[in-house]
């Protein structure tokens, strides 16, 4: 990717926090439940985005947009925030950051499959080969050289991470429909607000944690996740997409699991197994094949890419 130093700095300011977010979530889960962590993360992130709207004196047509397509926005919010974030955090309680971060990056594979099944999108042979390769990679990581054992914490956690990736792909399909009539930033802001509201119920059922009882480390984790990842990360990605084509910016997301894996080795002392390394190579190779096949097949994901950044927050 070419671009000015400012673009590289913006990219780093989004990619590095998104990669580090897996570590922050893993550590915060020692004191907070998965639902509470997800809720407060997005509560802070949505508040940050609202402050940005006020400070920049924007007037996004939030209510008009919601009244026009209420059901699709509720569905988008559900598949973007409560479902994948709860699954991700439950997965982090059961398996490693390495497994979760790599498996979550397989969502483009499911997007190709869902696009073909639901939107009747044409799939080239390169895309089909990429999907098959990546799916083999997910199986290698999930099974870790063994068989499906639902009593294994690693297997259950890996399956949860895969379900989270599938949920993000469903969101992307819905976003393609929504973006035909709505601006990307308005869509992202509205989805974030609704997603946060939907997280309140599971957080309440889990036992809503009172911030006054939090330790300093939890406060730091929530502020980092909410401001740097769910807030600033989204804004930085939008600015990148204003200056780069989505097809040129999309490969940057491959750095997210690389950052997560590196930090997990350094700070959590996790060690990737040979099956993890082989599976990661197959997944990333398959995703790259799928993206190349999509470019050869004409524009496919550029209309969804601006809001797809929220998936990584």
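The values are calculated or read from the model by the stated rules, or taken from the named source; none is laboratory data. Everything numeric here is computed off the predicted structure, so don't read it as measured data. Here the Cβ is made from the backbone with ideal geometry for all residues, glycine too, and neighbour counts use every protein chain on show.
What is the one condition in (1) in contact with a helix residue (DSSP H, G or I) (Cβ under 7 Å, 6 or more places away or on another chain); (2) part of a helix (DSSP H, G or I); (3) at pLDDT 95 or above that residue 254 does not satisfy?
(3)
Please tell me if residue 100 is under 20 Å from the mean Cα position of the chain (by Cα) and modelled with pLDDT under 90.
Details: under 20 Å from the mean Cα position of the chain (by Cα): yes; modelled with pLDDT under 90: no.
So residue 100 fails the test.
So which of 80, 92, 37 ends up being within 26 Å of residue 102 (Cβ to Cβ), within 17 Å of the chain's Cα centre (by Cα), at pLDDT below 95 and crowded, with 20+ Cβ neighbours inside 10 Å?
Step by step, each of 80, 92, 37 is checked, and only 80 is within 26 Å of residue 102 (Cβ to Cβ), within 17 Å of the chain's Cα centre (by Cα), at pLDDT below 95 and crowded, with 20+ Cβ neighbours inside 10 Å.
One line per residue, one yes/no per condition, for (1) part of a helix (DSSP H, G or I); (2) in contact with a strand residue (DSSP E or B) (Cβ under 6 Å, 6 or more places away or on another chain); (3) at pLDDT 90 or above; (4) closer than 29 Å to residue 37 by Cα:
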| residue | (1), (2), (3), (4) |
| --- | --- |
| 146 | no, no, no, no |
| 149 | no, no, no, yes |
| 172 | yes, no, no, yes |
| 199 | yes, no, yes, yes |
| 202 | yes, no, yes, yes |
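May I ask you to list the residues in segment 185-217 that are in contact (Cβ under 8 Å) with a residue 12 or more places away in the chain and farther than 30 Å from residue 56 by Cα?
202, 203, 205, 206, 207, 208, 209, 214, 215, 217, listed by residue number.
Is it true that some residue in segment 70-82 is out of contact with any helix residue (DSSP H, G or I) (no Cβ under 9 Å at 6 or more places or on another chain), under 23 Å from residue 175 (Cβ atoms) and in a helix (DSSP H, G or I)? If you could, list the steps in order and put the result at the bottom.
Looking only at segment 70-82, we keep the residues that are out of contact with any helix residue (DSSP H, G or I) (no Cβ under 9 Å at 6 or more places or on another chain), and these are 70-71.
Now drop any that are not under 23 Å from residue 175 (Cβ atoms), which leaves 70-71.
Within this subset, residues satisfying the condition of being in a helix (DSSP H, G or I) are 70-71.
Looking through segment 70-82, at least one residue is out of contact with any helix residue (DSSP H, G or I) (no Cβ under 9 Å at 6 or more places or on another chain), under 23 Å from residue 175 (Cβ atoms) and in a helix (DSSP H, G or I).
Among the listed residues 178, 221, 188, which satisfies the condition of being surrounded by 16 or more Cβ atoms within 10 Å (Cβ to Cβ) and over 29 Å from residue 116 (Cβ atoms)? Step through it out loud before you land on a result.
Numbers: 178 fails: over 29 Å from residue 116 (Cβ atoms); 188 fails: over 29 Å from residue 116 (Cβ atoms).
Matching residue, one of 178, 221, 188: 221.
Is there any pair with a first residue in segment 112-134 that is farther than 22 Å from residue 176 by Cα and a second that is part of a loop (DSSP other than H, G, I, E, B) whose Cβ atoms are under 9 Å apart and which are 6 or more apart or on different chains, and what are they?
Sorted first by the residue in segment 112-134, then by its partner, the pairs are 126/297; 134/106.
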